[in-house]
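The values are calculated or read from the model by the stated rules, or taken from the named source; none is laboratory data. Keep in mind that what you see is a predicted model, and the values were worked out from it rather than measured. So basically every Cβ, Gly included, is an ideal-geometry build from the backbone, and we count neighbours across all protein chains shown. Surface accessibility is based on the protein's heavy atoms, side chains included, excluding ligands, DNA and RNA. Shrake-Rupley method; radii C 1.70, N 1.55, O 1.52, S 1.80 Å.
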Amino acid sequence: MKWGMVIDLAKCMRCHGCVAACRIEHFLPFSIAWVKLIAYEVEDKNVVDVTTYAVRCNQCKEAPCIDVCPTEATHRRDDGIVDINSDLCIGCRYCVIACPYQNRTFLSKDKLVNYFPNHAKTRFEKMREKKYPHQIGTTEKCNFCAERIDEGLPKGLKPGQDRAATPACVNTCQARALTFGDLDDPNSEVSKLIVERKATQLHADYGTDPSVYYVDGKIGGKSNIAPEDARTGSHIKEFSSVEKRAKEIFSQSK
Amino acid sequence: MQHTRRQWMVQHEWMVKPMKQTEWIQGEGVLVWLSEVFSSLGTGLYLVSIFLNNWWGALIGYFIVVGIKLPLHFVYLGRPFRFWRALPPFTGAWRTSWIARGFFFTTLYAGFGLIQLITSYLILYPTGLDSSVVNTIFVVDITAKILAGITVVLTAIYCGFMMSFCKSVPFWNTGMLPIVIMNAGIADGLALMIGVGLYFGGVDVMMLEAVTRILLLVNILLIATYLLNATYGTDTAKLSAKELISGKNALPFWVGVAIAGIAIPLAVSLAPYFMGEVSHSVQIFAIVCHTAGAFALKYCILNVGYYKPLLYSEMRK
């Protein structure tokens, strides 16, 4: 079993729902984002279009961050997820430099400031300390919501299909641009998308063999303009689950 | 269809163009720069000292590595008191990680170097010890010298390999970098050794200057090849090289590395051929310049470390 993700760039509407969902799920400090959206303008014959590229840790099968980690804090799980054991991390930041995708962040003191400086911590921040304490002086990154997968699998849930065992960003994506599943299963939706839509990896030339794949990723080309339904949201059947998830988390604290 | 001419909600536009690495040069990163410089100076001086059998040089070199370089790197760590986790047997990371190897080599060097310094001191300043004890000390001294020599070389080269491993920074990602750093380190060590010789005596300064001359010439060749090589590489590596030669880092490169670090020490070492013996103050000035060059070289290499952008190549198509 090897978890992977397919991102359909043409469907992405730049709603930043995935960024918000990840922030809520992992109680991320204000200055850190595990999921990032790169957006830039492309101009062609006085016609300007904005292209978006959603990036997160690629969970590389040949991950340089694992090779460089001096304490084996960064390790690959049996399911292919590249995870960090914060209790082992010494904060040398070698992995931050070595990651060719720049998807790692060192959590320094100045990054763990209050959401509202000079004011008391919000309820969300207080809950972070209890539910998802981030260790200052260590490195962080996306872990494909490994904790949700670990919680869901024993219950017989299928990551990618059952929402409770699926990464928060995938659940939230209104445009259904994100698909999650088992790369080892040829019948999984991700495997089919990779074959049928000729999915590509980001900078395959690095030899890192990422587990995140992209479809319709001709960056800068007109083919990357989102289809009508993605732009208008007409295909959206279920609204963002960010609010729902936030309520769920807050209700647990009572 | 409507088009916008403005970017909005752009959180991470930095990833679409080459961006500088900051972790190892800005803010706390200055400590990495300093620790790499002191590593180069200390290992170079120690290595030259044990070749020349100079105890004071070895002591100063050892102190620079163990007393300055190690604490600087230690302070830089986000969780310094977990440093032991990077050492065997607590980790097997040394099999792939150059920083783990570096910690391991430096720790071994700290042990072997200390033994060597103690035994060499006892040989140099005998205190009426029994002949059998003295013979044992001799054996221990030679063994410690060999082991300390090996580990100090490994300590000297790991910084270069640590950087050259990073595919993310094309300017560093070349086999030339460890050689440039190693050669510069030995030249820096020789320069400091001249200083030790001038102060403590017992060192053939003329011979050291002759060797320094050769190493400085090799240094010029290596740095020029390294930069030229970078311009043949990726656009990002070319950008780094251009920034050193004519960009924002041209001043530290030309004034610090080229003039202070190479031209002045080379001119001073060549001066006896044309002007007879040079005064001690001029020699000391050359050593100071050479050492400043060591700081400038590492600063320049670290400061022009640009990450290869994620989407750059696609955008250029």
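What to note about this one:
- Only helices (runs of 4 or more DSSP H) whose full extent lies in region A:67-153 are considered here, and the ones with at least 1 residues that are modelled with pLDDT of 95 or more and more than 14 Å from chain B (Cβ to nearest Cβ) are A:146-152.
- Among the criteria (1) of a type in the set (G, A, S); (2) open to solvent by 30 Å² or more (accessible area, probe 1.4 Å); (3) closer than 30 Å to A:P64 by Cα, the one B:A93 does not fulfil is (2).
- Here B:G42 meets each of (1) surrounded by 23 or more Cβ atoms within 10 Å (Cβ to Cβ); (2) closer than 18 Å to A:C95 by Cα with one exception, condition (2).
Residues are listed down the side, and each one gets a yes or a no for (1) surrounded by fewer than 23 Cβ atoms within 10 Å (Cβ to Cβ); (2) closer than 23 Å to B:G42 by Cα; (3) among the charged types (D, E, K, R):
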{"site": "B:L270", "(1), (2), (3)": "yes, no, no"}
{"site": "B:S279", "(1), (2), (3)": "yes, no, no"}
{"site": "B:A286", "(1), (2), (3)": "no, yes, no"}
{"site": "B:A292", "(1), (2), (3)": "yes, yes, no"}
{"site": "B:Y299", "(1), (2), (3)": "yes, yes, no"}
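- Filter result for the condition that a residue is within 14 Å of chain A (Cβ to nearest Cβ) and within 26 Å of B:D188 (Cβ to Cβ), over B:F74, B:F63: B:F74
- Screening region B:171-212 for residues that are in a loop (DSSP other than H, G, I, E, B) and open to solvent by less than 20 Å² (accessible area, probe 1.4 Å) and picking the one that is farthest from B:L41 (Cα to Cα) gives B:F171.
- Filtered by the rule that a residue be surrounded by fewer than 17 Cβ atoms within 10 Å (Cβ to Cβ) and either at the interface with chain B (Cβ under 7 Å from one of its Cβ atoms) or modelled with pLDDT of 90 or more (or both), region A:42-60 gives A:V47, A:V48.
- Residues (assigned to a helix (DSSP H, G or I) and of a type in the set (S, T, N, Q)) located in region B:214-263: B:N219, B:T225, B:N229, B:T231, B:T236, B:S240, B:S246
- Check on B:V32, within 14 Å of chain A (Cβ to nearest Cβ), in contact (Cβ under 8 Å) with a residue 40 or more places away in the chain and within 18 Å of the chain's Cα centre (by Cα): yes
- Residue tally, condition open to solvent by less than 50 Å² (accessible area, probe 1.4 Å) and closer than 21 Å to B:T174 by Cβ, over region B:213-233: 9
- Residue check, A:C89 within 18 Å of the chain's Cα centre (by Cα), open to solvent by 10 Å² or more (accessible area, probe 1.4 Å) and of a type outside the set (D, E): no
- The C-beta contact set for region B:249-274 (first residue under 14 Å from B:F295 (Cβ atoms), second residue modelled with pLDDT of 95 or more and not in a helix (DSSP H, G or I), distance under 7 angstrom, 6+ apart or interchain) comprises B:N249/B:V304.
- Here the condition is being of a type outside the set (S, T, N, Q), modelled with pLDDT under 95 and closer than 26 Å to B:A187 by Cα; of B:I146, B:I157, B:I150, it holds for B:I157 alone.
- Among the residues making up region B:97-130, a single one is assigned to a loop (DSSP other than H, G, I, E, B) and under 21 Å from A:D87 (Cβ atoms): B:S97.
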